[in-house]
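Below you'll find the structure, written out as structure tokens, and then a few comments.
The values are calculated or read from the model by the stated rules, or taken from the named source; none is laboratory data. Quantities reported herein were computed from a predicted structural model and do not represent experimental measurements. Ideal geometry is used to build each Cβ from the backbone, glycine not excepted, and the neighbour counts take in all protein chains shown.
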Amino acid sequence: MKLRVSCSLRFQIIEPTVLILMLRPYRGIQQWINREVYIIKPVTPMIESVDSFGNSLQRIRVPVGNFLIYTSTDVIVADKVEVAPGNYFVEIQYLPNEILPYLLPSRYCESDRFGDLAREITFDSLPGYDQVSKINDWVRETIKYVPGSSEFPMSATEVHQRGYGVCRDLAQVAIALCRSISIPARLVVGYLYNLQPMDLHAWFEVYVGDKWYTFDPTQAELKGGRVIIAFGRDAADVSIFHQFGSGCLLNSMDVRVDLLDN
């Protein structure tokens, strides 16, 4: 599947502000980048870097006035998501070193508080992929998906208590549940073809068997057409922009995902 994904951000800058952006799609085996456009107006020097998760970062000092960021990327991705019922749980002593951070509690995924609930949800499941399937179904059925309902990141505990949230919130509840029974889990942010309403999207991945698998508690059917921007432990690692100071207002954000001819 060949997709064109784009994101347009318009800011009003009241005083010079530093932004750290995370808008370039991830370079990896999950997707192939064919074409990329990255426009900033007014033109301003930018520093490119890569974080500890392999995500592309752009750091920029933005001048006072109106400021536009526009990205557009043509990407080839799978039209179906790989599933693996029955795939086995990997004991911690056999996990690759780079997977270990995704076992630990993090700012928005307090997995040390969810163990009893996770064991209750998965008591009759085979360890590994089947446990995650049960957790994913439980989150979708228990936590209501309400786009636009969270203005700022909430912790898994807070979302569980209030019973509804945005895509990021549902994913983080599922991540906390998975980690609480020693299944590595990470948050993913990116684009999803045919998402309604259209916006940037978040889902989660778990490490079972010998690889990462995709889950999405906001969708009744696990769809392909996913373009990954970034991975992280939780929302603190994958925000599409961080602003430093109070002199930056986001006026609008427009997201598009279009299917291209092969």
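Among residues of the range 119-147 that are at positive phi, those with a Cβ under 7 angstrom from a residue that is part of a loop (DSSP other than H, G, I, E, B) and among the polar types (S, T, N, Q), sequence gap 6+ or separate chain, pair up as GLY128/ASN87. The numbered conditions (1) polar (S, T, N, Q); (2) more than 12 Å from the chain's Cα centre (by Cα); (3) not in a loop (DSSP other than H, G, I, E, B) are all true for THR218 except (3).
Take the residues in the range 92-118 that are of a type outside the set (S, T, N, Q) and without any contact (Cβ under 8 Å) to a residue 24 or more places away in the chain, then tell me which one is farthest from ALA202 (Cα to Cα). Looking at the filtered set, the residue picked out is TYR94. Within the range 89-143, if we keep just the residues that are among the charged types (D, E, K, R) and surrounded by 13 or more Cβ atoms within 10 Å (Cβ to Cβ), the residue that is nearest to ILE181 (Cα to Cα) turns out to be ARG119.
Just one of the numbered conditions (1) among the polar types (S, T, N, Q); (2) out of contact with any strand residue (DSSP E or B) (no Cβ under 9 Å at 6 or more places or on another chain); (3) outside the structural domain of THR122 (by TED's automatic domain parsing) is not true of SER182: (3). Right, GLU82: surrounded by 15 or more Cβ atoms within 10 Å (Cβ to Cβ) and of a type in the set (Asp, Glu) or not? Criteria not met by GLU82.
Looking at LEU192, LEU250, LEU222, which one is buried (at least 23 other Cβ atoms within 10 Å of the Cβ) and either touching a helix residue (DSSP H, G or I) at 6+ places or on another chain (Cβ under 9 Å) or hydrophobic (A, V, I, L, M, F, W, C) (or both)? The conditions single out LEU192.
For (1) under 22 Å from LEU177 (Cα atoms); (2) touching a Ser or Thr at 6+ places or on another chain (Cβ under 8 Å), each residue gets a yes or a no:
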{"site": "GLY54", "(1), (2)": "no, no"}
{"site": "LEU57", "(1), (2)": "no, yes"}
{"site": "VAL62", "(1), (2)": "no, yes"}
{"site": "ALA78", "(1), (2)": "no, no"}
{"site": "PRO85", "(1), (2)": "yes, yes"}
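Of the residues making up the range 46-79, those that are assigned to a strand (DSSP E or B), within 21 Å of the chain's Cα centre (by Cα) and surrounded by 14 or more Cβ atoms within 10 Å (Cβ to Cβ) number 12. Of all residues in the range 21-42, none satisfies being at negative phi, among the charged types (D, E, K, R), touching a Cys at 6+ places or on another chain (Cβ under 9 Å) and surrounded by fewer than 13 Cβ atoms within 10 Å (Cβ to Cβ).
Here CYS178 meets the list (1) closer than 22 Å to LEU100 by Cβ; (2) under 14 Å from the mean Cα position of the chain (by Cα) almost entirely, failing just condition (2). Pairs under 6 Å by beta carbon, first residue over 11 Å from ILE228 (Cβ atoms) in the range 180-201, partner aromatic (Phe, Trp, Tyr) and in a loop (DSSP other than H, G, I, E, B), six or more apart or different chains? From the range 180-201, the pairs are SER180/PHE114.
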